[in-house]
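To keep things clear, I will list the structure first and then write my remarks on it.
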Amino acid sequence: MSEQISRLTNATVSNPAEYGPLRERGPVLRTVIDGVELPVWFISDYEECKEALNDPRFIRDATKLPGREGPGLAEQMLGGAGLPEEYFAYFGNLSLSDGEEHTRLRNAVARAFTARRVNALRPSLERTASDLYAALSAKKEADLVAELGYPFATAAICELMDIEEADRPQLQSWVLEMLSYDPELFVPAVRGIVEYYKDLIARRRAEPTDDLVSELLKPGGIHHDLLAEDAIISIFMLLTSTGIAPPAHFLGQALLTLLNHPEELAELRRRPELLAKRAVPELLRYTTSAPTGGPLHAAEDFEFHGCPVKQGDAVVPSLIGSNHDPKRFTEPQRLDLARDLGPGVGHLAFGSGPHYCTGASLAQLETEVVIDTFLLKNRTVELAVEPDQLPYVDIPGKGAALGSLPVRF
Ligand code: HEM
């Protein structure tokens, strides 16, 4: 353990090669991460991260702590982006709630992700991927983040939510504008999404179908009551805001990783049966495209792996550090598409514990379909720039995401 406060840049947090010297100072460090500016306990190793993510003494909602009442981080961000208060109700934030409140919201969201619903998407995702491949390869050049990752992830989450095809490009633009937190774009985008969902709910109330909105409108929702309209809108907000950017960023990273490892890609082409069970989990581990989990807060004073954690202290679990921890993975810096990650999920790319990613099975399916279509069935994609020229976008406190992936066909 180290109590000496050091600074970490976003680039360091996102780069597993930088963790060697950090680990020499212990699995838990007192540090300040650029863009966050408050000291945090930064956890870099697998077992310690997993333990923290599953320890109820670490909570998400800091406003429940004595002296920290008042607007939480989410409200501050929403207010900072100029959003009128009447819209705050639509941001019932799953990732920032704990205990019963979290379970109630999470159970409602889980109704969208039954194995039946997710598995039923495969044929339509395969069609979407083939159509995108045909359109992009005909152009000979494309950016696989903007022209494949975003529209494909949008199509997948919208298909799950039964949102009509014609409405998807507008919804994708609103979501990306909202995630920019640019006050000029944020408020009109939130208004656009909320009005769109209100209209969709009104149409399904008048004429139910077998889609997700109609199902959420049936008795049997939260506490066996009808789900209120505001609750349905906030679930849909959550599904669209988390269902587009994270999978789009991961798809870009996964394709880039395979293009950068031609021998491993050739092996996968020889043994495509590795794709679902071994290659996709290994790509999730290797890239860990969401490098850190959301901040945790100590609900009480206690010692965590030799560190004197005080009530209210923030803790950042490094998922990418954990997934490259040599105590847990042999040669973690090596991409091994046949790697057996062991029992259970075997990596922390989707987090762990009560806040484990609800969209994990959908993200897995999306990745299988995209790799199969763009790199296995078709074999013409190649990088159009040197890897060191690729742009990365800083996400303060969350590392860096691939901004674009220019390729040739
Ligand atoms: C490869 C793509 C994805 C990655 C790497 C990813 C990663 C993660 C991680 C690391 C967490 C936990 C964060 C924490 O502990 O603070 C999380 C939570 C979450 N993810 Fe994903 N995710 C992906 C795709 C998706 C998709 C497609 C959806 C669909 C809507 C989704 C919805 C969510 C939601 C709702 C949560 C919050 C769960 C909770 O707090 O209980 N994710 N995701």
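The values are calculated or read from the model by the stated rules, or taken from the named source; none is laboratory data. Predicted, not measured: the structure shown is a model, and the values here were computed from it. Here the Cβ is made from the backbone with ideal geometry for all residues, glycine too, and neighbour counts use every protein chain on show. With ligands, DNA and RNA removed, areas are computed over all heavy atoms of the protein, side chains included. Shrake-Rupley method; radii C 1.70, N 1.55, O 1.52, S 1.80 Å.
Within the option set Arg203, Arg117, being open to solvent by 80 Å² or more (accessible area, probe 1.4 Å), at negative phi and part of a helix (DSSP H, G or I) holds for one residue only, Arg203.
In a residue-by-residue description of the stretch 129-142, the property of being farther than 30 Å from Thr380 by Cβ, open to solvent by 40 Å² or more (accessible area, probe 1.4 Å) and in a loop (DSSP other than H, G, I, E, B) applies to no position.
Within 16 Å of the ligand (Cβ to nearest atom), in a helix (DSSP H, G or I), modelled with pLDDT under 90 and under 30 Å from Lys310 (Cα atoms), is that true of Ala74? Yes, satisfied.
When Glu366, Glu331, Glu273, Glu263 are screened for being among the acidic types (Asp, Glu), surrounded by 21 or more Cβ atoms within 10 Å (Cβ to Cβ) and farther than 27 Å from Pro39 by Cβ, only Glu366 passes. Candidates Ala146, Ala134: the one that is among the hydrophobic types (A, V, I, L, M, F, W, C) and farther than 25 Å from Leu185 by Cβ is Ala134. Residues that are among the aliphatic types (A, V, I, L, M) and at pLDDT below 95 were ranked within the stretch 143-174; the one that is surrounded by the most Cβ atoms within 10 Å (Cβ to Cβ) is Ile163. What is the residue count in the stretch 91-110 for residues that are closer than 18 Å to Tyr197 by Cα, part of a loop (DSSP other than H, G, I, E, B) and within 10 Å of the ligand (Cβ to nearest atom)? Result for the stretch 91-110: 1. Against the test of being open to solvent by 40 Å² or more (accessible area, probe 1.4 Å), within 15 Å of the ligand (Cβ to nearest atom) and either assigned to a strand (DSSP E or B) or in contact (Cβ under 8 Å) with a residue 24 or more places away in the chain (or both), the options Ala248, Ala254, Ala290, Ala279 yield a single qualifying residue, Ala290. Taking (1) more than 14 Å from the chain's Cα centre (by Cα); (2) modelled with pLDDT of 95 or more in turn, Ala349 satisfies each apart from (1). Restricting the stretch 293-311 to residues that are open to solvent by less than 20 Å² (accessible area, probe 1.4 Å) and not in a loop (DSSP other than H, G, I, E, B), the residue that is farthest from the ligand (Cβ to nearest atom) is Cys307. Residues that are open to solvent by 40 Å² or more (accessible area, probe 1.4 Å), over 25 Å from Leu402 (Cβ atoms) and modelled with pLDDT under 90 do not occur anywhere in the stretch 46-61.
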